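A short worksheet on the structure shown next.
The values are calculated or read from the model by the stated rules, or taken from the named source; none is laboratory data. Bear in mind the structure is a predicted one, so any value in this text is a computation, not a measurement. Every residue, glycine as well, gets a Cβ built from its backbone with ideal geometry; the counts of neighbours run over all protein chains shown.
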Amino acid sequence: MSSQDIPEENLPAAQDTSHGAVKPADEQNPFADPGLPPHEPRVQDIDERAAKRSERTVALLFTVSMLATVGFIASYVTIPVDKSVYVWPIGHISALNFALGMTLGLALFCIGAGAVHWARTLMSDHELADERHPIEAAPDVRAKVMDDFRQGAKESVLGRRKLIRNTMFGALALFPLSGVVLLRDLGPLPGTKLRHTLWSRGKLLVNMNTNEPLRPSDLIVGSLTFAKPEGLEEHDHGFQTEIAKAALMLVRIKPDDIKDRRALEWSHEGILAYSKICTHVGCPISLYEQQTHHALCPCHQSTFDLSDGAKVIFGPAGHPLPQLRIGVNDEGYLEALGDFDEPVGPAFWERG
Ligand code: FES
């Protein structure tokens, strides 16, 4: 229904609604300024039933937004992270991500659509010409701004359309709760996880390549072997997290060549077990010079002297590599005699 369909007697009294700077062309301004066209009343300006319909539509949109926000929170709490769902034409996707995206999108869309529909159908649509004037905060300008603000508040019919006002406040108040719920993802706190690895007294040292427990005879002088704790398998859940802390680098050096006393005490017949994780930014160390006993990190060339407690002799790493104390069990296999006595890897050093 347009204003053309309204009986003429219902239309507001005719008035000259054209406004703006209407100026004929002259020598200095060769183009005439036609001003603004006359104002056309909308159906909602004339028919209170149409205005009521618009009001209900706006309220419905804000209400749907509220429901969608509640749905977002409910989805976050109830849908398991590993549940998937088939959505045509995308295929299988995470049910949780799908539900969160849909509900959050719907909540935002309905707030926007409600506001736009409200502005287009119920707020004043009179076009106004605002003549340019000098930019200065004169008292009369401030007074005019306040007048305009009051006029805008009045024309938004916020006071009169209480249903819209209340549902809008409800939608806007509830929506930020989505962000509050997401704060839960910041936890849980790490606790002592960063201080401990899978190593403990009696855990066998297992060759990373063959998956076999290591004996001292498997390691010859000059060799470099990588090891992991017994029981940690590649297909285990959390393998990457655990191996990133527990990966070991084993070297065998003639005991007489080991300069650091504690390193010698914590070794077994010259077999030294150091963390494989560089103390600079955590790259796995993989290069070893058997003549100099230097281990080199390929990322930024930090160099550690494994014969001298893995002290840093070059590069940006700030700390020696942590050493694992090892021994041999009754069956002749290499075993850990405890966990590392300090956190492995980078940065955490400074916090620990
Ligand atoms: S990570 Fe090893 S030197 Fe940077």
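Of all residues in the range 205-251 being of a type in the set (S, T, N, Q) and in a loop (DSSP other than H, G, I, E, B), which is nearest to GLN323 (Cα to Cα)? Ranking the qualifying residues of the range 205-251, first place goes to SER223.
Filter the helices (runs of 4 or more DSSP H) completely within the range 69-179 down to those with at least 2 residues that are loosely packed, with under 12 Cβ neighbours inside 10 Å and among the basic types (Lys, Arg).
Values: elements: 95-121, 139-155, 162-174.
The qualifying helices (runs of 4 or more DSSP H) are 139-155.
In this structure, GLU342 qualifies as farther than 16 Å from ASN207 by Cα, more than 16 Å from the ligand (Cβ to nearest atom), surrounded by fewer than 19 Cβ atoms within 10 Å (Cβ to Cβ) and within 34 Å of the chain's Cα centre (by Cα). For the range 140-148, the count of residues that are modelled with pLDDT under 85 and among the aliphatic types (A, V, I, L, M) is zero.
Could you list all residues from the range 256-279 that are within 15 Å of the ligand (Cβ to nearest atom) and either under 17 Å from ALA227 (Cα atoms) or surrounded by fewer than 16 Cβ atoms within 10 Å (Cβ to Cβ) (or both)? Steps first, answer last, please.
Start the filter on the range 256-279 by keeping residues that are within 15 Å of the ligand (Cβ to nearest atom), which leaves 274-279.
TYR274, SER275, LYS276, ILE277, CYS278 - these are the residues of the range 256-279 that are within 15 Å of the ligand (Cβ to nearest atom) and either under 17 Å from ALA227 (Cα atoms) or surrounded by fewer than 16 Cβ atoms within 10 Å (Cβ to Cβ) (or both).
Being within 16 Å of the ligand (Cβ to nearest atom), under 29 Å from SER217 (Cβ atoms) and either under 40 Å from the mean Cα position of the chain (by Cα) or surrounded by 15 or more Cβ atoms within 10 Å (Cβ to Cβ) (or both) is the requirement here; does TYR333 meet it? No; evaluated as a whole, the condition is false for this residue.
Note on the range 280-324: enclosed strands (runs of 3 or more DSSP E) holding 1 or more residues that are more than 7 Å from the ligand (Cβ to nearest atom) and among the small types (Gly, Ala, Ser) are 294-296.
So which of ALA129, ALA113 is among the small types (Gly, Ala, Ser), in the same structural domain as GLY170 (by TED's automatic domain parsing), within 30 Å of GLY35 (Cα to Cα) and touching a residue at least 12 places away in the same chain (Cβ under 8 Å)?
Numbers: ALA113 fails: within 30 Å of GLY35 (Cα to Cα).
Answer to the selection: ALA129.
A single member of ARG252, ARG215, ARG201 is free of Cβ contacts under 8 Å to residues at least 60 places away in the same chain and either touching a strand residue (DSSP E or B) at 6+ places or on another chain (Cβ under 8 Å) or exposed (fewer than 12 other Cβ atoms within 10 Å of the Cβ) (or both), and it is ARG252. The test for being at pLDDT 90 or above, over 18 Å from PRO284 (Cβ atoms), surrounded by 15 or more Cβ atoms within 10 Å (Cβ to Cβ) and not polar (S, T, N, Q) does not hold for ILE220.
Of all residues in the range 259-286, those that are under 25 Å from TYR333 (Cα atoms) and among the acidic types (Asp, Glu) have Cβ atoms under 6 Å from Cβ atoms of residues that are away from the ligand (no atom under 13 Å from the Cβ) and not in a loop (DSSP other than H, G, I, E, B), 6 or more apart or on another chain, in ASP260/ASP308; GLU269/PRO216. Determine, yes or no, whether ASP341 is free of Cβ contacts under 8 Å to residues at least 40 places away in the same chain and of a type in the set (D, E, K, R). Considered against the rule, which asks whether it is free of Cβ contacts under 8 Å to residues at least 40 places away in the same chain and of a type in the set (D, E, K, R), ASP341 comes out as yes.
Just one of LEU198, LEU205, LEU158, LEU186 is at pLDDT 95 or above and not small (Gly, Ala, Ser); which is it? Testing whether each residue is at pLDDT 95 or above and not small (Gly, Ala, Ser) leaves just LEU205.
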